[in-house]
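One structure is given here, and the rest of the page talks about it.
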Amino acid sequence: MGGDPAYQGAARELARVLVDCRMDLVYGGGGVGLMGVLADTVLSLGGRAYGVITEDLMAREVGHLNLTELSVVSTMHERKSRMSAMGDGFIAMPGGFGTFEELFEVITWAQLGLHSKPIGLLNVAGYFTPLLELIDQGVQKGFIQPSHRRLVIVSSEPGELVQGLLMYVPQAELDKWVD
């Protein structure tokens, strides 16, 4: 859950925004942590929550058993691939190594043109600020193209972030207007 109650508050607010926008939640299928709070809140508000979890994690009893639908798959790769296919966009909330790994994978997939879905960071209490500074340094030092930096939409407010995702236009679409 993290050490700041603001993280749980942001998860609950994000759930409210998703339900108000009639957006379904697709996530890793756990019943613990911030994502468990998010799923529970989405469901309590009448929304739909779809989870994808591995057999191993399910065996550890961390699977959320009250979701709209829970798919159990064999591998983490299959899990991430299925979630990516099911979702229309991505939002990362404060989290650990798994969050970072999943975030950078979807950014890399976008960079390579494997998807053109919006990617958002919910920067609650400045959690992602050091990461964003690292990414910006990568741009400044010539390792990351500025257009790839723009793949990540950032806000500390769930409503603003979701609106940014809804308004997202992939770079390829923008390029068509310039030509």
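The values are calculated or read from the model by the stated rules, or taken from the named source; none is laboratory data. All values reported here derive from a predicted model rather than from experimental measurement. Glycine gets a Cβ as well: all are built from the backbone with ideal geometry, and neighbour counts include every protein chain shown. When the accessible area is computed, the model is the full protein with side chains, heavy atoms only, and any ligands, DNA or RNA have been set aside. Shrake-Rupley method; radii C 1.70, N 1.55, O 1.52, S 1.80 Å.
In the range 133-150, the count of residues that are within 24 Å of MET1 (Cα to Cα) and not in a helix (DSSP H, G or I) is zero. Within the range 70-90, the residues that satisfy the criterion of being open to solvent by 60 Å² or more (accessible area, probe 1.4 Å) and within 11 Å of TYR27 (Cα to Cα) are ARG82, MET86. Within the range 131-144, can one find any residue that is open to solvent by 70 Å² or more (accessible area, probe 1.4 Å), aromatic (Phe, Trp, Tyr) and either farther than 23 Å from GLY33 by Cβ or over 16 Å from the mean Cα position of the chain (by Cα) (or both)? Yes. Note on the range 18-63: residues that are under 20 Å from GLY120 (Cβ atoms), among the β-branched types (Val, Ile, Thr) and open to solvent by less than 40 Å² (accessible area, probe 1.4 Å) amount to 5.
Within the range 26-42, track down each residue that is modelled with pLDDT of 95 or more, assigned to a helix (DSSP H, G or I) and small (Gly, Ala, Ser). Correct list: GLY36, ALA39. Exactly one of (1) touching a residue at least 24 places away in the same chain (Cβ under 8 Å); (2) under 21 Å from TYR7 (Cβ atoms) is unmet by PHE104. Its number? Going through the list (1) touching a residue at least 24 places away in the same chain (Cβ under 8 Å); (2) under 21 Å from TYR7 (Cβ atoms), PHE104 breaks only (1).
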